[in-house]
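Values in this text are rule-based calculations from the coordinates and carry no lab data. What you see is a predicted model, and the numbers here were worked out from it, not measured in a lab. Using ideal geometry, Cβ is built from the backbone for each residue, glycine included, and neighbour counts are taken over all protein chains shown.
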Amino acid sequence: MSKPKVAFNWASSCGGCEIAILELGVKLVDLTKKVDVVFWPAAMDFKYSDLEAMPDKTIDVTFFNGAIQNSENEHIAQLLRKKSKLLVAFGACAYGGGIPALANTTNREGVFKHVYKETSTTDNPQSIYPQTEFKAKEGELTIPEFYNTVKTLDQTVDVDYFVPGCPPVVEQVSRVIDTFVSGNLPPKGSVMGASDKSLCHECKRVKGDRKITKIVRNYETIPDPERCLLEQGVICMGPATRGGCGSICLDANQPCRGCYGPLPNTIDQGAKMLSALASMFDAENEEDIAKFAERVPDPIGTFYRFSLAGSVMRRTKQ
Amino acid sequence: MSKFEPKIVGFLCRWCAYTGADLAGTSRIKYPPNVNPIRVNCSGRVDPTLVLKALTIGADGVLIAGCHPGDCHYTSGNVKTLRRFKLLQKMLDQFGIERERVRLEWVSASEGERYARIVEQMTEEIRQLGPLGWKAKMEALA
């Protein structure tokens, strides 16, 4: 039997998911014994024309990382869908939008203005912004169109499996790849490489009375490494986030930021976290409760850090 | 042009607000028919997800109504609602949803008149704001 053909692609993301695969280290050498890598632009010299030249359904599994933020991302997602038997949304960006989807709190104009004009290291007195077409003396140049709204892979093309994480931890990556090689696959639409229980379930910290007396920002405190972070007032996304990551952030005395996405049967990680957090406020009357809410300066950025595109609201009004 | 009729989803707690709404009906109090009531066991059961979901699938507003603080059938469900609501309000500001569209009110079983006035006021305020039309707005911003 011939080896399964595998592809990796990188859309709108930081590249950390590519590193997560490289992190397999020596196992990567074993991997090439088990599979044929037919497309992996980040690691080897492949061109989109190579992909276009393949007959449909040539690739057995494509691991697609990154959100869909421009017309190139969308085009490649559609192309890879056509060329692959199985398409996997790999990592938080492809799964829920990830960090790029925080751009959904503004629009194209807002992003461009910030990036090409307002950042303190930018000097752009003529207010030059990217254009999709430019007529040069030598001919017309084009670049992909930047979208107002970041989408998940699933909102763009049909997706078979989801692997959460920013990035997925190496043990889980290894396990997921082994599952594909074994051919013993879960039902379509499953989340792979993660637990079905919340991070709190595997967190070793001691939980007490589940009350918050004051919300503290991460930089304002060095939390007790033995006790539940939420009870110490640090917003930890554990209750609303899938486990399976090995609670590495918590071991480093940092709160969970939610990169493993929503729990099974929940559709909105942010709303669930808001609910869990607010119910712990140690306040009974309106005035005291309002003080707690004031201590959360950016609810969307906190509760939907990795899942805004995939959430119920998807984006803000403007 | 016909007058815009806001579509409001009302999550009413069965012990107080829903009974209060019932009283408004049996007392023949006149009030706008714009709230579609959903009976829930406690306002504390109203997950913020439900509010967001309602707004994204066609509601122009959401009314959550429960027992007055101290009167909760389950002791403190309504206090939990209030805690969530304060934070939800702040998040809805970020999403660009006007405050008038999502309200939390306390209505006891004997306050049929109060329920009717709340619905009247809320309907009028949302009528002034116009339709939310979240889905169309999202599609326009693809």
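According to a simple spin-label model (label point 7 Å from Cα along Cα-to-Cβ), what is the distance in nm between B:Ala140 and A:Ala53?
It is 4.7 nm.
With a point put 7 Å past each Cα toward its Cβ, work out how far B:Arg39 is from B:Glu113 in nm, to one decimal.
Going from the B:Arg39 label point to the B:Glu113 one covers 2.6 nm.
So how much slack lies between A:Gln155 and A:Ala136, counting 0.36 nm per residue of separation and subtracting their Cα-Cα distance, in nm?
3.3 nm
Just to be sure I understand the model, the point goes 7 Å from the Cα along the line to the Cβ. What's the resulting B:Thr75 to B:Thr26 distance in nm?
Taking the two extended label points, one gets 3.0 nm.
For A:Phe8, which sequence-distant residues (separation of 5 or more, or a different chain) have an amide H within less than 5 Å of its own amide H, given hydrogens modelled in the peptide plane?
A:Phe39, A:Trp40, A:Phe63
Can you figure out the FRET efficiency of A:Glu118 with A:Tyr219, using R₀ = 25 Å and their beta-carbon distance, to the nearest 0.05?
Plugging the Cβ-Cβ distance into 1/(1 + (r/R0)^6) gives 0.55.
What lysines sit close enough to A:Lys85 to cross-link, taking a C-alpha to C-alpha distance under 28 Å and skipping anything fewer than 8 places away on the same chain?
A:Lys3, A:Lys5, A:Lys27, A:Lys33, A:Lys34, A:Lys47, A:Lys57, A:Lys151, A:Lys188
Measuring from a point 7 Å past the Cα of B:Ser2 along Cα-to-C-beta, which residues in segment B:83-123 have an amide N at less than 20 Å?
It comes to B:123, nothing else.
Which lysines, if any, have their Cα less than 18 Å from the Cα of B:Lys90, not counting same-chain residues under 8 positions apart?
Straight-distance partners of B:Lys90: A:Lys214, A:Lys272, A:Lys291, A:Lys317, B:Lys53, B:Lys80.
PRE reach from A:Leu28 (point 7 Å along Cα→Cβ): which of segment A:134-174 fall under 17 Å by backbone N?
Hits in segment A:134-174 for A:Leu28 at 17 Å: A:167-174.
Taking the Cα centre of chain A as origin, work out the dipole magnitude from +1 charges on Lys and Arg Cβ and -1 charges on Asp and Glu Cβ, in debye rounded to 20.
Roughly 480 debye for chain A.
Taking neighbour Cβ counts within 10 Å as the exposure measure, how do A:Ser174, A:Ser190 sort from fewest upward?
A:Ser190, A:Ser174
What is the distance in Å between the Cα centres of segment A:58-80 and segment B:38-71?
39 Å
Expressed as a whole number of Å, what is the distance separating the alpha-carbon centroids of segment A:83-110 and segment A:140-214?
12 Å
222 nm [θ] for the protein assembly as shown, helices only, -39500 (n - 2.57) per DSSP H run of 4+, per residue, to 500?
Calculated from helices alone, the mean residue ellipticity at 222 nm is -9500 deg cm²/dmol.
Exposed loop GluC sites (Glu not before Pro) only (DSSP loop, at most 10 other Cβ atoms within 10 Å): please give the longest stretch of chain A free of them, not including the sites.
By the stated rule (loop sites, at most 10 other Cβ atoms within 10 Å), A:1-137.
Please compute, for peptide B:25-34, the average count of beta-carbon atoms on other protein chains lying within 10 Å of each residue's beta-carbon.
Taking the mean over all residues of the peptide, I get 0.
Can you give the percent of C-alpha pairs in segment A:199-303 whose distance is more than 25 Å?
14 percent
Find how many whole Å separate the alpha carbon centroid of segment A:280-318 from the alpha carbon centroid of segment B:97-142.
That distance is 20 Å.
For A:Arg227 and A:Asn184, calculate 0.36 nm times their separation in residues minus their Cα-Cα distance, and state this gained length in nm to one decimal.
That pair, A:Arg227 and A:Asn184, stretches by 11.5 nm at full extension.
Would you compute the Debye intensity of segment B:56-133 from its alpha-carbon atoms alone, equal scatterers and no solvent, and pass along log10 I(q)/I(0) at q = 0.17, 0.20, 0.21 Å⁻¹ to two decimals?
At q = 0.17, 0.20, 0.21 Å⁻¹ the computed log10 ratios are -0.74, -0.96, -1.03.
Using Cα-Cα distances under 8 Å and only pairs 6 or more residues apart, what relative contact order does chain A have, in percent?
Once divided by the residue count of chain A, the mean separation gives 18 percent.
Which residues in segment A:126-170 place their backbone N less than 13 Å from a point set 7 Å from the Cα of A:Ser71 along the Cα-to-Cβ direction?
The answer is A:131-134, A:141-148, whose backbone nitrogens lie closer than 13 Å to the label point.
Amide H of B:Gly61 versus every other amide H placed in the peptide plane: which residues, excluding those fewer than 5 positions away on the same chain, fall under 5 Å?
Under 5 Å from the amide H of B:Gly61 lie the amide H atoms of B:Lys7, B:Val9, each far enough along the sequence or on another chain.
Averaging over all projection directions, find the projected area of the Cα convex hull of the protein assembly as shown and quote it in nm² with one decimal place.
28.1 nm²
Over all distinct alpha-carbon pairs, what is the Kirkwood Rh of segment A:1-147 in angstrom?
Taking the inverse mean of 1/r over all distinct Cα pairs, segment A:1-147 comes out at 17.4 Å.
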